[in-house]
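Presented below is the structure to which this report refers.
The values are calculated or read from the model by the stated rules, or taken from the named source; none is laboratory data. Keep in mind it's a predicted model, so treat the numbers as computed, not measured. Cβ atoms come from the backbone with ideal geometry, glycine included; neighbour counts cover every protein chain shown.
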C-alpha cells in the first residue's frame, strides 16, 4: 500500500510542478522551470545556465553564466510555448510578461485541464496496476478473498482522494488564471 501511495504522490507532485509552469499575470521564476536549453549538445534546465530574478511583478531578469549560451537560451525561451519574447542586453536577458488576453487565458485554462486529466490518468493507471497485482495474489492463494477486497477498497479510496485533490488544484489554478 505504501508503494501505491508513493507513486500517486509522485504523480500529484509532477502535476503541481506542471501547473506552476503555466503562466499567470505575475512573474514567478518557477514559470521557467520546465524550459530546457541545448547547452553544448545536451539539454539542461534553464536554471543551470542562468540565474533568474524577478525585480518587478511583470519582468524576469536572467543573468547568463556563459555568454556563449545566450542565443541558445533565447531560442529555448521562444520555443517554450509560454508566449515570452526575450530581449538581450549584454549578458542579461530581460523578459517582459505580456498582458494576458481573454483568449490566451482560456487557452491556459485548457492547458491546465489537460494536465489535470493526464495526472488523473496516471493515478488511475497506478490503481489498475495495483489491483491487478492484488487479484493475481488472490488467484495464487497468497491473499484471501476478504484481504483482497479490503486492499482493493483502500486503493480505490486513496485513488478517489487523490483525484479530488487534483480537481481542487485545478479549480485554484483556473481562478488564478482568470483573475485579471
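For the range 17-36, does any single residue satisfy the condition of being touching a helix residue (DSSP H, G or I) at 6+ places or on another chain (Cβ under 8 Å) and farther than 21 Å from residue 109 by Cα?
yes
Quick check on this structure: which one of 120, 175 is loosely packed, with under 12 Cβ neighbours inside 10 Å and part of a helix (DSSP H, G or I)?
On the way: 120 fails: loosely packed, with under 12 Cβ neighbours inside 10 Å.
Testing whether each residue is loosely packed, with under 12 Cβ neighbours inside 10 Å and part of a helix (DSSP H, G or I) leaves just 175.
A quick yes/no check of all residues on (1) assigned to a loop (DSSP other than H, G, I, E, B); (2) touching a residue at least 12 places away in the same chain (Cβ under 8 Å); (3) surrounded by 18 or more Cβ atoms within 10 Å (Cβ to Cβ):
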position: 69; (1), (2), (3): no, yes, yes
position: 73; (1), (2), (3): no, yes, yes
position: 83; (1), (2), (3): yes, yes, no
position: 87; (1), (2), (3): no, no, no
position: 94; (1), (2), (3): no, yes, no
position: 108; (1), (2), (3): no, yes, yes
position: 116; (1), (2), (3): no, yes, yes
position: 127; (1), (2), (3): no, yes, yes
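Hey, does the range 48-63 have a residue that's modelled with pLDDT of 85 or more, assigned to a helix (DSSP H, G or I), under 22 Å from the mean Cα position of the chain (by Cα) and not assigned by TED's automatic domain parsing to the domain that holds residue 133? Write out each step before concluding.
Start the filter on the range 48-63 by keeping residues that are modelled with pLDDT of 85 or more, which leaves 48-55, 59-63.
Among the residues that remain, those that are also assigned to a helix (DSSP H, G or I) are: 48.
Okay, now just the ones that are also under 22 Å from the mean Cα position of the chain (by Cα), so 48.
Imposing the further condition that a residue be not assigned by TED's automatic domain parsing to the domain that holds residue 133 reduces the set to 48.
Yes, the range 48-63 has at least one match.
Looking at 129, 99, which one is within 24 Å of the chain's Cα centre (by Cα), at pLDDT below 90 and under 30 Å from residue 172 (Cβ atoms)?
Values: 129 fails: at pLDDT below 90.
None of the others qualify; the one that does is 99.
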